[in-house]
Amino acid sequence: MTRYARIAGHVVGVVLLVGGASLCLVDAGGGIGLLILGTLVTAGIALEPRYGRPRDTAPRSGSWQRTGERFVDDESGELVEVWYNSATGERRYTQADS
């Protein structure tokens, strides 16, 4: 998830939490659904960097070979290199060794 998408998600989560809390104060229990939704959105975005897409390690066995392609990943900002398995046609994107 990009930095700006993460910020927007946190804003939406906080707005849901504040709206739910306001409704709970005005009408006893009226905003409990918004509180739950806001908590789920905020917690999901907060935990995404830790439990999100795992980083592949460079394949060392089989018929994996470097393609020579390298680029900066938009989401992480890290340098990534591409590996290709000629037996299966699969491609892997791994963090490049600096």
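Please treat every number below as a calculation from the coordinates, not as lab data. As the structure is a computational prediction, the values presented were derived from the model and not from experiment. Cβ: placed from backbone, ideal geometry, glycine included. Neighbour counts: every protein chain shown.
Using the beta-carbon distance between ASP97 and ILE32 and R0 = 35 Å, what value does 1/(1 + (r/R0)^6) give for FRET efficiency, to the nearest 0.05?
Efficiency for this residue pair is about 0.10.
May I ask for the equivalent-ellipsoid semi-axes of region 3-51, computed as the square root of five times each C-alpha gyration tensor eigenvalue and listed largest first in whole Å? Mind dumping the intermediate values first?
Numbers: eigenvalues 113, 21, 5 Å².
Taking √(5λ) for each Cα gyration eigenvalue gives 24, 10, 5 Å.
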